[in-house]
Amino acid sequence: MPDVAPLRSQRAARAWAGATVAVVAFALVAQLVLVVTGASVLVDDAEPPGLATRLLRFVSYFTVQSNALVLATTWVLVSRPSYDGRLWRIARADAIAGIGVTGVVHWFFLRPILDLHGWAYATDKLLHVVVPLLAVAGWLMFGPRRRIGWATVLPAFVWPAVWLAYTLVMGALTSWYPYPFLDVTKLGYGTVLVTSLGVAVSLVLVLSALVLLDSRLHRRAPLT
């Protein structure tokens, strides 16, 4: 006779993963439509640049990349709640850590300075609040467990490090920065480097916390 509890847990995991995928996909597509039409793009651009530049900026946001990672790594869990894979483990760690940091940074540092309305406001809240809550809560409740270990931390740190380097180089070339706390033209390299170091340390701490939580939670999780 099948183990009913795990089967129920798997159905719940699939449903949660499906809802997360639907919300992320909708939010990213809606934000992309705003980009293409020249509406506000995560920050309030009074005079949007050309389409090619808007698209480049769109994919340059840490917010968009972390949401895309959530979409990619959660998609497979809809049909296989206990999915595993070496590269997927790294991407999953990046997705959960990245989207968690996205939510915290937005809530405490970006939300107070934004003035968005209509669809721009709605997509902003989906990308920065709803998706982080869905993704992190889904991972805490359903895992799958024993996927994030200490061997995952270093390779998972590559993506945010590359993103930060790319952002600073792109900013130096174009004078555009996706977030005000990385704006070298206004803050100077000293302040931005200190901020970047703080963000890097925060990401390492978050990834380490995921490892410890994953180890503790797997004993109670039916999905391994």
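Listed here are the residues, each with its yes/no results for (1) small (Gly, Ala, Ser); (2) at pLDDT below 90; (3) not in a loop (DSSP other than H, G, I, E, B).
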{"site": "172", "(1), (2), (3)": "yes, no, yes"}
{"site": "178", "(1), (2), (3)": "no, no, no"}
{"site": "181", "(1), (2), (3)": "no, no, yes"}
{"site": "186", "(1), (2), (3)": "no, no, yes"}
{"site": "189", "(1), (2), (3)": "no, no, yes"}
{"site": "192", "(1), (2), (3)": "no, no, yes"}
{"site": "195", "(1), (2), (3)": "no, no, yes"}
{"site": "200", "(1), (2), (3)": "yes, yes, yes"}
{"site": "205", "(1), (2), (3)": "no, no, yes"}
- [ ] For the range 143-154, indicate whether the set of residues that are over 21 Å from residue 67 (Cα atoms), of a type in the set (Phe, Trp, Tyr), more than 16 Å from the chain's Cα centre (by Cα) and not in a helix (DSSP H, G or I) is non-empty.
- [x] no
Task: Residues (surrounded by 17 or more Cβ atoms within 10 Å (Cβ to Cβ) and either without any contact (Cβ under 8 Å) to a residue 40 or more places away in the chain or under 20 Å from residue 193 (Cβ atoms) (or both)) located in the range 143-162 - done: 157, 159, 160
Task: Top-ranked residue in the range 195-205 [being under 13 Å from residue 105 (Cα atoms) and of a type in the set (Val, Ile, Thr); ranked as farthest from the chain's Cα centre (by Cα)] - done: 195
TODO: Determine whether residue 112 is outside any helix (DSSP H, G or I), more than 13 Å from the chain's Cα centre (by Cα) and not charged (D, E, K, R).
DONE: no
TODO: Give the number of residues within the range 58-106 that are in contact with a Ser or Thr (Cβ under 7 Å, 6 or more places away or on another chain), aromatic (Phe, Trp, Tyr) and more than 23 Å from residue 34 (Cβ to Cβ).
DONE: 1
Task: Residue match in the range 97-111 (condition: of a type in the set (Lys, Arg), at pLDDT below 95 and more than 17 Å from residue 200 (Cβ to Cβ)) - done: yes
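The values are calculated or read from the model by the stated rules, or taken from the named source; none is laboratory data. These numbers come from a predicted model, not from an experiment. When we count neighbours, we look across all protein chains shown, and the Cβ atoms used for this are built from the backbone with ideal geometry, even at glycine.
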